[in-house]
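Undergrad: Here's a structure for you.
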Amino acid sequence: MRYSLVSKLSVVVIVLAFAGGCASKKYVRNQVQTSNDQLTAKVDTDVKRVETNMAEISDQVGQNARATKENSTQIATNATKLNETSSELQTAKGEIRTVDGKATGAMTTAEGARTAVGETSKRVEGLSSQFENRNNYAVSAENSVLFAFNSAKLQPEFHTILDGLAQKVKQDPNAVIVLEGRTDSVGDPDYNIKLGQQRLDAVLRYLVIQSDVPIQRIYQLSLGKEKPVADNKTKEGREQNRATVVRVLSPNATGTVASK
């Protein structure tokens, strides 16, 4: 009886133990499954987060690449504009130098013009003074250069006389020389005019070439036999008329006033 009770108790213990073991395994399996599901869900969440982050990063990289490309294009455009601006600047500098050169030339020309105007003004003033004194010229010196009969050859003995007259003209900037070519009354009047011209030409040539008198300060006229300085009826008178009369006229002279 006691044995049967013990056996029954043993069976109950074994059954309970088995039942408890089965219950523990099921619990473990449930816990493991739950943990596995949670881990899987977490992994899926993390994967989705990573994929989202990767997509965002990819988008950002794409945007940065596009921005970099745009910046490169803008930099290239700016470089081109800079080169164009540099070329334009060089061209402008060249134009400025050209304008500056022209301005300098214009200033030089203007300065030359002012100088010329000043010189012209002085000349005008001088001419005005001379014009005012046009009837006040006086004979400051006078000599006759004599010639042989029917000749226009200048004799060396008169060189010194002509040099002295030329010196008077050089010392007075307002002085002038008047040459009168003359002949005696012998011969044809037209021929005498030409002979008188040849005689004053000989004197003129010497004054200009040998004595350096400016030709614009010499006035000349061939009178031939007209207005003789001496009587043609005498030999001595005819000799005096075969001459070129040289007069130095000056507004500053105190001698005889020249005839109008």
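The values are calculated or read from the model by the stated rules, or taken from the named source; none is laboratory data. This is a predicted model, so every value here is computed, not measured. Don't worry about glycine lacking a Cβ; one is built from the backbone with ideal geometry, like all the others, and counts go over all protein chains shown. Side chains are part of the model used for accessible areas, which takes the heavy atoms of the whole protein and leaves out ligands, DNA and RNA. Shrake-Rupley method; radii C 1.70, N 1.55, O 1.52, S 1.80 Å.
Undergrad: Just checking, does segment 182-196 include any residue being open to solvent by less than 30 Å² (accessible area, probe 1.4 Å), under 27 Å from Asn136 (Cα atoms) and in contact with a helix residue (DSSP H, G or I) (Cβ under 7 Å, 6 or more places away or on another chain)?
TA: Yes, segment 182-196 contains at least one residue that is open to solvent by less than 30 Å² (accessible area, probe 1.4 Å), under 27 Å from Asn136 (Cα atoms) and in contact with a helix residue (DSSP H, G or I) (Cβ under 7 Å, 6 or more places away or on another chain).
Undergrad: Something else now. Based on what the data block shows, is Val145 in contact (Cβ under 8 Å) with a residue 40 or more places away in the chain, open to solvent by 30 Å² or more (accessible area, probe 1.4 Å), part of a strand (DSSP E or B) and not aromatic (Phe, Trp, Tyr)?
TA: no
Undergrad: Just to check your reading of the model, which residue among Arg205, Arg242 is under 22 Å from Ser140 (Cα atoms) and basic (Lys, Arg)? Please lay out each step first, then the result.
TA: Working: Arg242 fails: under 22 Å from Ser140 (Cα atoms).
The conditions single out Arg205.
Undergrad: Scan segment 154-187 residue by residue and report those that are in contact with a strand residue (DSSP E or B) (Cβ under 6 Å, 6 or more places away or on another chain), under 27 Å from Lys225 (Cα atoms) and assigned to a helix (DSSP H, G or I).
TA: Listed by number, the residues that qualify are Phe158, Ile161, Leu165.
Undergrad: Only one of (1) buried (at least 21 other Cβ atoms within 10 Å of the Cβ); (2) assigned to a loop (DSSP other than H, G, I, E, B) is not met by Leu200, so which one is it?
TA: It is condition (2) that Leu200 fails.
Undergrad: Are any residues in segment 224-248 of a type in the set (A, V, I, L, M, F, W, C) and in contact with a Ser or Thr (Cβ under 8 Å, 6 or more places away or on another chain), and if so, which ones?
TA: Those that are of a type in the set (A, V, I, L, M, F, W, C) and in contact with a Ser or Thr (Cβ under 8 Å, 6 or more places away or on another chain): Val229, Ala243, Val245, Val246, Val248.
Undergrad: Something else now. Is it the case that Val169 is modelled with pLDDT under 95 and under 15 Å from Leu249 (Cβ atoms)?
TA: Yes; evaluated as a whole, the condition is true for this residue.
Undergrad: Name the pairs: first residue in segment 161-173 and open to solvent by 40 Å² or more (accessible area, probe 1.4 Å), second residue not in a helix (DSSP H, G or I), Cβ to Cβ under 6 Å, at least 6 apart or on different chains?
TA: Ile161/Asn143; Asp163/Ser211; Lys168/Ala141; Lys168/Val248
Undergrad: Here is a further query. Looking only at residues that are outside any loop (DSSP other than H, G, I, E, B) and in contact (Cβ under 8 Å) with a residue 40 or more places away in the chain in segment 222-236, which one is least open to solvent (accessible area, probe 1.4 Å)? I'd like the intermediate steps shown before the answer.
TA: Here is the first cut: in segment 222-236, the ones outside any loop (DSSP other than H, G, I, E, B) are 222-224, 235-236.
Checking the rest, the ones that are also in contact (Cβ under 8 Å) with a residue 40 or more places away in the chain come to 222-224.
Working: Ser222: 17, Leu223: 28, Gly224: 1 Å².
Step by step, filter segment 222-236, then rank; the result is Gly224.
Undergrad: Among the residues that make up segment 219-229, is at least one of them within 21 Å of Ser250 (Cβ to Cβ) and either under 51 Å from the mean Cα position of the chain (by Cα) or at pLDDT 95 or above (or both)?
TA: Yes, that holds for at least one residue.
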